[in-house]
Every structure is written in structure tokens, then in C-alpha cells.
Amino acid sequence: MAITMTEAAASRVRSFLESRGKGLGLRLGVRTSGCSGMAYVLEFVDELEEEDHVFEEKGVKVIVDSKSMLYLDGTELDFAKEGLNEGFQFNNPNVNSECGCGESFNV
């Protein structure tokens, strides 16, 4: 079981954590949403939960709860800028299909 992160994503998360002034790392999870069934969730973590899996990549901790880990195992988190748009991208080998708008996925 593993979650990885590109240097671009790690740099962006470090920047967010530094400007925030606190936090253990970034939580990556999934929730039921969208037209394809599931959507990614990113949030800062100040305290670990008992069922959390913690991965450290390039000096940044990525925290995933046990339920989400079933859908995220093997995912690489990236950060990209394309023109005026920028954001995190999820390279998830478990995804079978995505909705047309790219906001949700199905496993």
C-alpha cells in the first residue's frame, strides 16, 4: 500500500503548510459525490486518527483513512499549472472511468 507525490505537489503542500503555520500534513480521501460516484477530498491534518495510514514523501506527510485507502492505493498526487489554471491532479491506477467534467470517478 502506498501513496506517492511528485516534487511539484510536495512543494505546493509545504508552501500551504508554512503559510498556514501549523499542521502535520495533508489528508487525501474520497467521498461519494458527482456523476461517476466518488470525488477526491484534500484537507489539512492537525491530529491523526487511529485508522490513518501515514506516508511521507519528499518531506511531506500524506494521511489517508482506511476506507479511502481501498480506492487510493497506488495513487500519485501531482500539481500542475496550465495557463491560468492550476491544481492538484490524481494519477490513480484504480480508476475505471471518470465523468466528463473530471470532478468524479468510478472504481
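General remarks:
- You can think of it this way: the chain between Ala8 and Ala39 has 9.0 nm of extra reach, that is 0.36 nm per residue less the Cα-Cα gap.
- Estimated D of the chain in µm² per second, where Rh is the Kirkwood radius over Cα pairs and Stokes-Einstein applies at 10 °C, 1.306 mPa s: 111
- The relative contact order of the chain comes to 31 percent, based on Cα pairs under 8 Å that sit 6 or more residues apart.
- Selection from Ser15, Thr4, His53 lying farthest towards where the dipole of region 1-63 points positive, charges on Cβ: Ser15
- Antiparallel DSSP beta bridges within the chain, percent to nearest 5: 85
- Model label sites at Val54 and Ser19, defined 7 Å from Cα along the beta-carbon direction, differ in position by 2.6 nm.
No value in this document is a laboratory result; all are computed from the given coordinates. Just so it is clear, the model here is predicted, and its values are computed rather than measured. All Cβ positions, even for glycine, are placed from backbone atoms using ideal geometry, and neighbour counts span all protein chains on display.
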